[in-house]
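Worksheet: the structure to be examined is printed underneath.
The values are calculated or read from the model by the stated rules, or taken from the named source; none is laboratory data. Bear in mind the structure is a predicted one, so any value in this text is a computation, not a measurement. Ideal geometry is used to build each Cβ from the backbone, glycine not excepted, and the neighbour counts take in all protein chains shown.
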Amino acid sequence: MKDAKPQTVYLNDYQAPEYLVDRTELTFDLDPQSTLVKSHLKIRRNPVAADSGGRSLPPLWLDGVDLELLSIAEDGELLPAQRYQEEPGGLSLTVTKPEFELEIQTRIAPESNTSLEGLYLSNGMYCTQCEAEGFRKITFYPDRPDVMSVFTTTIVAPAKYPVLLSNGNKVDSGTTDDGRLRVTWEDPFAKPSYLFALVAGDLQYVEDSFTTSTGRAVTLQLFTEARNIGKCEHAMVSLKHAMRWDEVVYGREYDLDIFMIVAVDHFNMGAMENKGLNIFNSACVLASPETATDAAFQRIESIVAHEYFHNWSGNRVTCRDWFQLSLKEGFTVFRDAEFSADMNSRAVKRIEDVTLLRTAQFAEDAGPMSHPVRPDSYMEISNFYTLTIYEKGAEIVRMIHTILGADAFRRGSDLYFQRHDGCAVTCEDFVVAMEDANGADLKQFRRWYSQAGTPIIEVEDEYDAERAQYSLTLRQRTPATPGQEEKLPLHIPVAIGLLGADGKALVLDKFGSTDTVLHLTEESQTFTFQDIDERPLPSLLRGFSAPVKLRYGYTGEQLQFLMQHDADAFNRWDACQRLALNTLSSLQGQYRAGETLDTPSALIDGFSVLLQNSELDPALVAKMLALPSAQELAEQGDEIDAAAIVAARDFARQSIAVALKPLFLARYQALDQRKPYRPTADDIARRGLKNTCLAYLCMTQDQDALALARTQFERDENMTDVSAALAAMVEYGPKDAAEQTLESFYRQWQQDTQVVETWFGLQSSSAGFGTLDRVRELMAHPAFEMKNPNKVRAVVGGFAMRNFNQFHHEDGSGYEFLADQVIALDKLNPQIASRLVTPLTRWKKYRKHEAGQIHSALKRISDSGELSADLYEMVSKSLA
Ligand code: ARG
Ligand code: ZN
């Protein structure tokens, strides 16, 4: 049973399923090479499809990939061969009655499954990943989200797998006659096959409990291999916070008696929200102060919450089809972002999310894979777990929240959950619930779902002193994207405020408001404010109220003024970013023209003020001191000149480091308090600014600065400080010393998978250290594993996605290397190959020389033989 040839699927072709599956009973007899799967399905004609479909019974289609069909019976009788037909991608069955039961036996080989989709082995433990279309690699089934069924799962396994898990509640367990273990799980909530999960292994667990708002006790269990049992606490605490938050903020209570999380080392994505049995990439759930950085602690908190929140936004109410993926992902990302904002610093969380959006989502939306948040078509759905679906999708939900207001948004979400509980629905249903609950009109707003590309807003202003009138004129346009030449004006909420010359907020209306939301709905619109007694400075797009590029001709002085006085913390940071972007873009121009580069005095002055102000939130200061990444600069410019970007950035950072060394040092010393590690917002902020200062200090390459890094490293207090010191030593210190330090670090941590991943990533992404030769050495290291996505992401991804300097080496060797790895990976794991090819897909944006090199690397992939559907879609769309 091979997969079908890559074909394009269209949203417009959607048809309700011909048949429904009321009950699904599965029995797994586990074996690495020969797992037997018995499925017993209670099937009936879908009345909805029958209404429109005439009287004869159409064939039943069951998806199936890489399965060996052993037998198939209907209502207890083996089916004769003429009743069914195996085809690429599945099985077609002649139907003779509107209701019947099927019993299907298949054989699969989890050990040979390197795609990590379906049932596979990770360090000897069985686990599953079924979203989006992995269930078809387990058994023949209508593997689509609008077929929802009640599942009962029996697992039979040798005694060396004492832990046998599936969705729902454990209803039976025992041993078979031949001494194997048998457990049965029943999930009372009807669900699509993509939410199915199974785990079997020799696992330990930690247990806790949570009492819901109505007083029900829920058992919480987190399963890992024994060596990781000490790394579960943070995830458990995060889970309980998330459960409470969803009750308070959304009125959502957990519904089963047990909630389980399992940590798995081999995993394609971050985590998966299977009903009652979430499965996590171990890097996204396991943490201890000694082994995990602050960033990891915060990532874990948000992913644990994200998967938990899916229990309502995803599981209780799911997607009708995969074009609606953002229905659950955009909404759930918005929910987890608000949760993280409530748990930590709201402004910092927003800054991090916006940085990701501007760097990577804007780039995606300007490239060959650009697609609307609700795509019209796809070849391989795995390719559409994108920043656009997730992050831009979350921005759409945030805009609805901004437009309606918090209370109205909550009324809308209550109606949405109430109306669609137990159903598979669409993005349209979500918007309609928001409208119906509030009598609101989101007609034009809907275009955000169907129109791709990042809108650009140009702003001009005018002040009329005589009339005391100030007006802002906003013009919007969205650049063409593949398959979408014409763009319509969107409904864009633009949050703003006005600052007076003393930095105070001006009053905007007769109610005394000092901020407001402009509703830009036309191509061009002018908004006028009365009784404005002085020419104000506008603070625009506060809190990044819409995912757009906003242009306004701020001067350097105005940006510095905003950095200090804007009431909106996000916009203070953004003013600093704009200042840095302007500086870096003129430095790039000077570099290209062969001129000497100007000292970035405006930035140095601005940073000097920041460093001396101990009143400001250190986390915000750290964010302001961080220059935009090379990737972000690449997205911003019209044509990417990699060498100019690297030169401009290095020069600016170097100049800042040298000019402000005493201030960095003073701040470093003040913040370097030796307290026991706690992952609280305050402590994370302190360590963040401290380590930003350390990095700048080490950029000077001065002995005393590098000695600080060494001392911090040797104190070995927590992984945040240790890895920051190590990174600084590797990047800026002498090479021999770096080699030795890396070596001893590895010896200390070689048993710890997560730390080894950090160790790999730190080297491969280092601008100075992570040469292609080094990356090849890392791939030959015994701890590297091509079949483990985390290792591949750390080494190959670190180099191709986070090491702008070395990856874009002028001889094109980085591109050829990536092409080789993509070709090799495609045979093992198409999803990973397809993600990794991303940097090559943007070839058109580079200068002619690099564009040619990247194009030929892509071409070589395309000519390398038969590609997976995943990789084929990426490569063919990029070459088109
Ligand atoms: N639903 C999961 C999450 O966002 C991600 C699943 C990704 N699966 C995939 N095949 N790409 O929490
Ligand atoms: Zn999700």
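Below, the figures for the structure above:
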item: Complete set of residues in the range 153-182 that are of a type in the set (Gly, Ala, Ser), surrounded by fewer than 14 Cβ atoms within 10 Å (Cβ to Cβ) and either touching a strand residue (DSSP E or B) at 6+ places or on another chain (Cβ under 8 Å) or closer than 18 Å to residue 104 by Cβ (or both); result: 159, 173, 174
item: Count - residues of the range 283-327 that are of a type in the set (A, V, I, L, M) and either within 30 Å of residue 142 (Cα to Cα) or within 16 Å of ligand 2 (Cβ to nearest atom) (or both); result: 8
item: Residue within the range 136-152 that is crowded, with 24+ Cβ neighbours inside 10 Å, within 30 Å of residue 753 (Cα to Cα) and either within 30 Å of the chain's Cα centre (by Cα) or free of Cβ contacts under 8 Å to residues at least 40 places away in the same chain (or both) present; result: yes
item: Test: residue 280 is under 27 Å from residue 349 (Cβ atoms) and within 16 Å of ligand 2 (Cβ to nearest atom); result: yes
item: Odd one out for residue 523, checked against (1) in contact with a helix residue (DSSP H, G or I) (Cβ under 9 Å, 6 or more places away or on another chain); (2) of a type outside the set (A, V, I, L, M); (3) surrounded by fewer than 20 Cβ atoms within 10 Å (Cβ to Cβ); result: (1)
item: Of the criteria (1) assigned to a strand (DSSP E or B); (2) without any contact (Cβ under 8 Å) to a residue 40 or more places away in the chain, which one residue 260 fails; result: (2)
item: Qualifying residues in the range 96-135 (those that are among the hydroxyl-bearing types (Ser, Thr, Tyr) and in a strand (DSSP E or B)) - the one nearest to ligand 2 (Cβ to nearest atom); result: 128
item: Output for the range 226-259, where each listed residue is aliphatic (A, V, I, L, M), surrounded by 22 or more Cβ atoms within 10 Å (Cβ to Cβ) and away from ligand 1 (no atom under 16 Å from the Cβ); result: 243
item: Matching entry among 408, 363 (being within 23 Å of the chain's Cα centre (by Cα), of a type outside the set (Val, Ile, Thr) and either in a helix (DSSP H, G or I) or surrounded by fewer than 22 Cβ atoms within 10 Å (Cβ to Cβ) (or both)); result: 363
item: Test for residue 251: is it more than 16 Å from ligand 2 (Cβ to nearest atom) and on the phi > 0 side of the Ramachandran plot; result: yes
item: Residue check for residue 429: in the same structural domain as residue 333 (by TED's automatic domain parsing) and either closer than 29 Å to residue 194 by Cα or β-branched (Val, Ile, Thr) (or both); result: yes
item: Counted residues, the range 497-511 - those being farther than 16 Å from residue 469 by Cβ and crowded, with 16+ Cβ neighbours inside 10 Å; result: 3
item: Flag for residue 480 being small (Gly, Ala, Ser), in contact with a strand residue (DSSP E or B) (Cβ under 6 Å, 6 or more places away or on another chain) and within 30 Å of residue 368 (Cβ to Cβ); result: no
item: Conditions (1) buried (at least 20 other Cβ atoms within 10 Å of the Cβ); (2) more than 20 Å from residue 545 (Cα to Cα); (3) within 15 Å of ligand 2 (Cβ to nearest atom): number failed by residue 373; result: (2)
item: Some residue of the range 176-194 being touching a residue at least 40 places away in the same chain (Cβ under 8 Å), within 16 Å of ligand 2 (Cβ to nearest atom), basic (Lys, Arg) and not in a loop (DSSP other than H, G, I, E, B); result: yes
item: Selected residue (criterion: farthest from residue 543 (Cα to Cα)) from residues of the range 481-518 that are of a type in the set (Ser, Thr, Tyr) and touching an Asp or Glu at 6+ places or on another chain (Cβ under 8 Å); result: 481
item: Unmet criterion (only one of (1) under 25 Å from residue 834 (Cβ atoms); (2) of a type in the set (Val, Ile, Thr); (3) within 24 Å of the chain's Cα centre (by Cα)) for residue 755; result: (1)
item: First in the range 270-287 and without any contact (Cβ under 8 Å) to a residue 24 or more places away in the chain, second anywhere and basic (Lys, Arg) and within 14 Å of ligand 1 (Cβ to nearest atom), Cβ under 7 Å, 6 or more apart; result: 284/299
item: Filter pass, residue 350 being more than 16 Å from ligand 2 (Cβ to nearest atom), out of contact with any Phe, Trp or Tyr (no Cβ under 7 Å at 6 or more places or on another chain) and not hydroxyl-bearing (Ser, Thr, Tyr); result: no
item: Scan of the range 564-592 for residues that are hydrophobic (A, V, I, L, M, F, W, C) and over 23 Å from residue 553 (Cβ atoms), ordered by number; result: 569
item: Residue among 733, 688 that alone is within 24 Å of residue 288 (Cα to Cα), touching a helix residue (DSSP H, G or I) at 6+ places or on another chain (Cβ under 8 Å) and surrounded by 19 or more Cβ atoms within 10 Å (Cβ to Cβ); result: 688
item: Any chance residue 326 is under 19 Å from residue 543 (Cβ atoms) and in contact with a Lys or Arg (Cβ under 7 Å, 6 or more places away or on another chain); result: no
item: Residues (assigned to a helix (DSSP H, G or I), touching a Lys or Arg at 6+ places or on another chain (Cβ under 8 Å) and among the charged types (D, E, K, R)) located in the range 629-684; result: 632, 635, 667, 683
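Conditions (1) without any contact (Cβ under 8 Å) to a residue 24 or more places away in the chain; (2) crowded, with 20+ Cβ neighbours inside 10 Å; (3) within 16 Å of ligand 1 (Cβ to nearest atom), marked per residue:
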residue	(1), (2), (3)
805	no, yes, no
817	no, yes, no
830	no, yes, yes
845	no, no, no
848	yes, no, no
851	yes, no, no
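Table: residues versus (1) in a helix (DSSP H, G or I); (2) surrounded by fewer than 21 Cβ atoms within 10 Å (Cβ to Cβ); (3) under 15 Å from the mean Cα position of the chain (by Cα); (4) away from ligand 1 (no atom under 12 Å from the Cβ).
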| position | (1), (2), (3), (4) |
| --- | --- |
| 318 | no, no, no, no |
| 331 | yes, no, yes, no |
| 334 | yes, no, yes, yes |
| 337 | yes, no, yes, yes |
| 340 | yes, no, yes, yes |
| 348 | yes, no, no, yes |
| 356 | yes, yes, yes, yes |
| 359 | yes, yes, yes, yes |
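Listed here are the residues, each with its yes/no results for (1) free of Cβ contacts under 8 Å to residues at least 24 places away in the same chain; (2) in a loop (DSSP other than H, G, I, E, B).
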{"site": "510", "(1), (2)": "yes, yes"}
{"site": "516", "(1), (2)": "yes, no"}
{"site": "519", "(1), (2)": "no, no"}
{"site": "525", "(1), (2)": "no, no"}
{"site": "538", "(1), (2)": "no, no"}
